[in-house]
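Before anything else, here's the structure in question.
Derivation of every value follows stated rules applied to the coordinates shown; laboratory data play no part. Not measured: the values here are computed from a predicted model. Cβ sites come from the backbone with ideal geometry, for glycine too, and all protein chains shown count toward neighbours.
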Amino acid sequence: MKNWDAQRIADVADARCVTPAPGGPRRVVIDSRGVAPGDLFVGLAGVQDDGGRFATQALAAGAWGVLVRPPFAQGAKGGAILVTEDPLAGLQSLALAWRRELGAKVVAITGSAGKTSTKDILAALLARELPTVASPRNYNTEIGLPLAILGAPPGTEVLVLELAMRGLGQIAELAAICEPDIGVIVNIGPAHLELLGSIEAIAAAKAELLAALAEDATAVVPAGEPLLYPYLAQRLRVVRFGPGGDVCVVRADADGVEIDAFGEVVTLEPGFRSTHLLLDLCAAVAAARTLAVPVGGQYEIALSRLRGERVELTGGVTIINDCYNANPMSMRAALEELGSDTVAVRRVAVLGDMLELGAAFEQRYHRELGEQASDARVSLLVTVGPLAELAGETFVGGEHVHFEDARSAAIGLEPRLARGDLVLVKGSRGVGLEIVARQLALGRVAS
């Protein structure tokens with residue numbers, strides 16, 4: 001955005017340019033603590049405070065300018081002063097305008113589980129051939145998505161963007177900001193049931209992405225997902241992935257992964273073999289081939305932190321750190337991966353509460369965790385939180401230990417571990433199981 005002057009930014013953001021400044025901003029930020037010279041600081045209103053209050057501080061730190069509500073422009077000086085009644089709407093408008101100026105192809109990804117992994121995989125597949133920018137970390141909301149778009153430098157040819165969903169209308173709102181050319185729905189599962197009430201409502205919310213696609217755009221969806229059938233309009237090109245789809249796994253072993261992509265078999269070495277990640281790989285290959293990007297060979301795919309990353313510890317213990325979040329679909333996938341391991345001496349599952357399922361569903365899905373842990377041949381099941389404890393009622397074949405909170409689990413788990421253990425740590429973010437993973441990662445484990 002360096003070539004956008006203050007008046008142009010004001011016009012795009014529906015703001016008034018009180019004070020201009022030379023040139024344009026090098027980037028857009030919303031945290032005044034991270035302001036660097038040349039930045040445009042956007043002061044967003046929060047629940048308890050308004051970021052506009054830090055406009056003077058941002059300018060003192062060298063910001064090119066600020067975009068804030070009128071009360072916070074008074075007395076501000078030292079850069080461009082842009083005033084609007086709705087800085088968030090201004091931020092979103094700037095992102096849409098920048099997306100259009102880039103002229104990049106946009107792939108938008110959503111789903112109940114695996115959307116971040118699919119984003120990471122697709123970005124790796126595309127980056128070999130095209131200048132590609134993907135959403136960083138969890139920049140997938142009405143605030144994060146605009147920042148991800150605005151962070152793309154000139155020359156970017158593909159934007160791979162993750163869209164989060166908390167309720168009806170949010171995917172539509174996000175899609176309006178990024179105007180996707182390709183929409184990927186990784187799966188439909190029981191996440192956010194507390195807010196939406198049914199799996200059918202979840203499908204409708206995810207399908208807002210399909211409704212936002214232009215005529216002849218491509219929808220990449222799981223093969224055989226009946227919940228999406230009502231939303232697959234004839235105006236779209238539909239590509240299906242997974243068993244029976246246009247893109248599916250033919251073989252996965254130590255020699256690599258063979259994928260049938262529209263009748264052409266390609267071999268990849270992605271660095272993983274987990275069933276759920278192979279499905280994500282198929283979705284990514286489908287999107288890449290839709291963009292006419294060839295795939296094949298070895299890839300260095302860096303999956304986002306706290307999402308299934310394996311950490312080898314001193315003392316012979318391995319952690320599968322998957323504690324970023326959890327829902328019934330992702331829990332099942334993680335336990336299946338744990339159960340498929342043939343090297344571990346003993347399998348340990350540290351499972352926390354799955355939140356946002358609602359009173360009508362939460363007991364059922366937590367009891368099912370015990371059955372899934374049994375099927376995964378877990379030797380030690382450690383539950384954290386009042387809901388996760390219900391898994392112990394259906395768990396058989398091993399020892400069950402319960403802790404009320406993550407800190408207690410972090411302390412109590414260490415002496416129970418031994419060389420050769422493979423430890424899955426997974427739960428909703430609100431449970432804070434990263435404390436457990438961090439404690440073990442310090443190396444204080446039994447040998």
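Using R₀ = 56 Å, calculate the FRET efficiency as 1/(1 + (r/R₀)^6) where r is the Cβ-Cβ separation of residue 371 and residue 2; round to 0.05.
On the way: r = 57 Å, r/R0 = 1.01.
E between residue 371 and residue 2, to the nearest 0.05, is 0.50.
If I take the Cα coordinates of region 6-84 and project them onto the principal axes, what are the three extents in Å, biggest first?
Largest first, region 6-84 extends 33, 24, 21 Å along its Cα principal axes.
Also, I was wondering about something else. Just want to confirm a number: the relative contact order over the chain, from Cα pairs under 8 angstrom separated by 6+ residues, in percent. Mind showing how you got there, number by number?
Details: 1040 pairs, mean separation 48.1, N = 447.
Taking the mean separation of contacting Cα pairs over the length of the chain, I get 11 percent.
Mean separation of Cα pairs under 8 Å and 6+ residues apart, divided by the residue count of region 1-126: what relative contact order is that in percent?
Working: 225 pairs, mean separation 28.4, N = 126.
Relative contact order here is 23 percent.
Right, something else. Quick one: length gained pulling residue 179 to residue 89 fully straight, 0.36 nm per residue minus the C-alpha distance? The partial results should precede the final answer.
Numbers: separation 90, 0.36 × 90 = 32.40 nm, distance 1.59 nm.
Separation in residues times 0.36 nm, less the Cα-Cα distance, equals 30.8 nm.
I need the phi-derived Karplus couplings for region 233-246: 6.51 cos²θ - 1.76 cosθ + 1.60, θ = phi - 60°, integer Hz, Gly and Pro marked x.
Along region 233-246, the couplings run 5, 5, 6, 9, 8, 9, 10, 10, 10, x, x, x, x, 5 Hz.
How long is the gain from residue 235 to residue 74 if the chain were fully straight, where each residue apart is worth 0.36 nm and the alpha carbon distance is subtracted? Before the final figure, lay out the partial values.
Working: separation 161, 0.36 × 161 = 57.96 nm, distance 5.09 nm.
Stretched out fully, the residue 235 to residue 74 stretch lengthens by 52.9 nm.
How large is ³J(HN,Hα), in whole Hz, for each residue of region 103-108 in order, when computed from phi with the Karplus curve 6.51 cos²θ - 1.76 cosθ + 1.60 and θ = phi - 60°, using x for Gly and Pro?
x, 6, 6, 10, 10, 9
What translational D, rounded to a whole number of µm²/s, comes out for the chain from Stokes-Einstein when the hydrodynamic radius is the Kirkwood one over Cα pairs, at 4 °C and 1.567 mPa s? Before the final figure, lay out the partial values.
Details: Rh = 23.4 Å.
Using the Kirkwood radius from Cα pairs, D works out to 55 µm²/s.
What order, most packed first, do the peptides 49-55, 209-215 have when packing is the mean number of other Cβ atoms within 10 Å of each residue? Intermediate values should be presented prior to the final figure.
Values: 49-55: 20.0, 209-215: 17.3.
Listed from highest to lowest mean packing, they are 49-55, 209-215.
With labels modelled as points extended 7 Å from the Cα through the Cβ direction, what inter-label distance (nm, one decimal) is found for residue 200 paired with residue 53?
4.7
Could I ask something else about it? Measure of size requested: the Rg and Dmax of region 143-271, with Cα atoms as the atom set and Å as the unit; please supply both.
Rg, Dmax (Cα atoms, Å): 16.4, 44.
Further question on the same structure: Can you compute the modelled spin-label distance between residue 255 and residue 342, with each label point 7 Å from Cα toward Cβ, in nm?
1.6
Only helices at least 24 Å long along their axis, Cα-based, and averaging -0.5 or more on Kyte-Doolittle count here, so list those DSSP H runs from the chain.
Numbers: long enough: none.
Taking the DSSP H segments of the chain (at least 24 Å long, mean hydropathy at least -0.5), we get none.
Also, I was wondering about something else. Once the Cβ-Cβ distance between residue 312 and residue 45 is put in as r, and R0 is 51 Å, what FRET efficiency do you end up with, to the nearest 0.05? Working shown, then result.
Working: r = 45 Å, r/R0 = 0.88.
Once the sixth-power term is evaluated, E becomes 0.70.
What is the extension gain from residue 418 to residue 300, computed as 0.36 nm multiplied by their sequence separation minus the C-alpha to C-alpha distance, in nm to one decimal?
Working: separation 118, 0.36 × 118 = 42.48 nm, distance 3.12 nm.
Length gained between residue 418 and residue 300: 39.4 nm.
Hey, another quick one. Over the chain, what is the percentage of antiparallel beta bridges among all DSSP beta bridges, to the nearest 5? Display every interim value, and only then the final one.
Details: 19 of 72 bridges.
For the chain, the DSSP antiparallel bridge percentage is about 25.
Follow-up. At 7 Å along Cα-to-Cβ for each site, give me the label-to-label distance between residue 265 and residue 438 in nm.
Placing both labels 7 Å beyond Cα along the Cβ direction yields 4.8 nm.
Once phi is turned into ³J(HN,Hα) by the Karplus curve 6.51 cos²θ - 1.76 cosθ + 1.60 with θ = phi - 60°, what whole-Hz value does each residue of region 2-7 show in order, with x for glycine and proline?
Karplus values, whole Hz, x for Gly and Pro: 4, 8, 9, 7, 4, 5.
Helix-only mean residue ellipticity at 222 nm, the chain, DSSP H runs n ≥ 4 weighted -39,500 (n - 2.57), per residue, nearest 500. What is it? Write down the numbers at each step before the final one.
Working: 14 runs with 134 residues, N = 447.
Dividing the helical sum by the residues of the chain leaves -8500 deg cm²/dmol.
What whole-number value in cubic angstrom gives the convex hull volume per residue for the C-alpha atoms of region 309-441? Could the numbers behind the result be given before it?
Values: hull volume 11.4 nm³, N = 133.
Dividing the Cα hull volume of region 309-441 by its residue count gives 86 Å³.
Given the options 186, 47, 160, which has the most mean-square fluctuation in a GNM of the chain, springs set between C-alpha atoms less than 10 angstrom apart?
47
Contact order normalised by length for region 369-447, with contacts defined as Cα pairs under 8 Å and 6 or more residues apart; what percent is it?
Details: 99 pairs, mean separation 21.8, N = 79.
So the answer I get is 28 percent.
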